[in-house]
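What follows is a set of notes on a single structure, which appears directly below.
Laboratory data are not the source of any read-out in this text; all were calculated from the coordinates shown. Owing to the predicted nature of the structure, the values given are computational and were not obtained by experimental measurement. Backbone-built Cβ (ideal geometry, glycine too); neighbour counts: all protein chains shown.
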Amino acid sequence: MSEILQKIAENLYDGEEEKVSALVQDALDKEMAPEEILSGGLIAGMDQVGRDFKAGDLFVPEVLIAARAMHAGMDILRPLLSEVDAAGAGKLVIGTVKGDLHDIGKNLVKMMLEGAAFQTVDLGTDVEPQAFVDAVREHQPELVGMSALLTTTMVNMKATIEALEEAGQRESVKVMIGGAPVTAAFAKEIGADAYAPDAAAAVDTARDLVA
Ligand code: B1M
C-alpha cells in the first residue's frame, strides 16, 4: 500500500476527520484515482476499525468518530466518482432497513452506483417497509436496494419484499440486497433478485439486473 493510502487508513482509524480530508485531497492532487483512495485508504481503514470493534479493542464512540472521518473523506470523493458518465444507467431507491442505523456500506454502494451513472433516491437508515413502497410508487425506479448490518434486522428485508408484493409493486422492480450478514442463500430464501457482497459487485449486479 502506498504511504499516503496508509496514512489515510491510520488517520481514519484514529478519527482524525480533518487530517483524513486533507490527505484525501493531497492524494487527489497527486493524481491518484478516486477509486484507489476509496478502497486502499478509506475502506481499508474502516475494515480495521471493524476488526478491532469485533475483537473488543474499540468501542462504539471510537467507531462513531472513525465513521465521521470516513464520511469526511467520502464527501470529497463523491462528486469525482459521480462524474464518470452523465447518461442514466437506471434508477435505484436505496435504504438501510427498519431498525438498522448502519449507513457507511449503503452510502458506499450508493456512491459507486452514482459513479456508474445510476440515479439514486436515498431513503436513509431505519427505513420502514411502507417507506420503500411509497418511494417506489413516487419515483418508479428499476431497482430497490436494501442494506442490513444486523442479523436482527435482516428479517426486515423480507418484510419489505412482502410489502412491495402486497402493494402490487414487486413485479415492477428488481430487488438487490447486501450488508455484512447477508448472503446469496438468504437473498434467494426471501425472494430478492440478487445479492452483492460489496460496492463494486453491486454496480455489476445492478447493471445485470437492469439489462
Ligand atoms: Co455496529 N455492529 N452496531 N455500529 N458496526 C456491526 C455491524 C457488528 C458486526 C459489530 C460486531 O459486533 N462485530 C455488530 C452486529 C452483530 C450482529 O448483528 N450479528 C454491530 C452491533 C451489535 C451494533 C449495535 C447493536 C451496538 C450497540 O449499540 N451495542 C448498534 C446497533 C445500532 C442500530 O443499527 N440499531 C451498532 C451501532 C454502530 C455505530 C452507530 C457505532 C456504527 C455505525 C455508524 C454508521 O454506519 N453511520 C457501527 C459500526 C461502524 C459497525 C462496524 C464496526 C462497521 C460497519 C461498517 O460500516 N463497515 C460493524 C462491524 C463490521 O462490519 N465489521 C458493526 C464498513 C462498510 C464499508 O462495510 O457496511 O459491510 P459494510 O458494507 C459493505 C458490504 O456489506 C456491501 O457493500 C459495502 C461496501 O463494500 N453492502 C451492500 C452493504 N450494503 C449493501 C447493499 C447492497 C449491496 C452491497 O445492495 C443494495
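Listed values, structure above:
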item	result
Burial ranking of peptide ranges 143-155, 3-15 (average Cβ count within 10 Å, highest at the top)	143-155, 3-15
Leading residue at positive end of dipole, the chain (Cβ point charges), from Leu38, Ser21, Phe118	Phe118
Computed lengthening from Gln48 to Gln6, 0.36 nm per intervening residue step minus Cα-Cα distance	14.0 nm
Whole-angstrom gap from segment 1-78 to segment 178-199, using each part's C-alpha centre	26 Å
Under 14 Å from the Asp198 label point (7 Å along Cα→beta-carbon), backbone N, segment 22-53	35-48
Degrees, to the nearest 10: 129-139 long Cα axis against longest axis of the chain	90 degrees
The chain: angle of helix 60-82 to the longest principal axis, Cα-based, in degrees nearest 10	80 degrees
By average C-beta atoms within 10 angstrom, highest first, the peptides 55-62, 95-102, 197-204	95-102, 197-204, 55-62
The chain: radius of gyration and largest Cα-Cα distance (Dmax), Å	17.3, 53
Zero-based 10 Å bins, Cα pair distances in segment 90-210, whole percents	15, 55, 29, 0
Student exercise, the chain dipole from Lys, Arg, Asp, Glu Cβ charges, in Debye to nearest 20	460 debye
Sorted by Cβ density within 10 Å, fewest first, the residues Phe186, Phe132	Phe186, Phe132
Which of Thr160, Thr183 has the fewest Cβ neighbours within 10 Å, and the rest in rising order	Thr183, Thr160
Along each principal axis, Cα extent of segment 24-74, largest first, Å	37, 16, 12
25 Å Cα-Cα threshold exceeded, pairs from Lys7/Lys30; Lys7/Lys54; Lys54/Lys91; Lys30/Lys54; Lys54/Lys174; Lys110/Lys158	Lys54/Lys91; Lys30/Lys54; Lys54/Lys174
Calculated [θ] (222 nm, deg cm²/dmol) that DSSP helices of n ≥ 4 give over the chain, each run adding -39,500 (n - 2.57)	-17000 deg cm²/dmol
Sorted by Cβ neighbour density within 10 Å, fewest at the top, the residues Leu164, Leu42	Leu164, Leu42
Between helix 17-29 and the chain: long-axis angle, C-alpha atoms, 0 to 90°, nearest 10	90 degrees
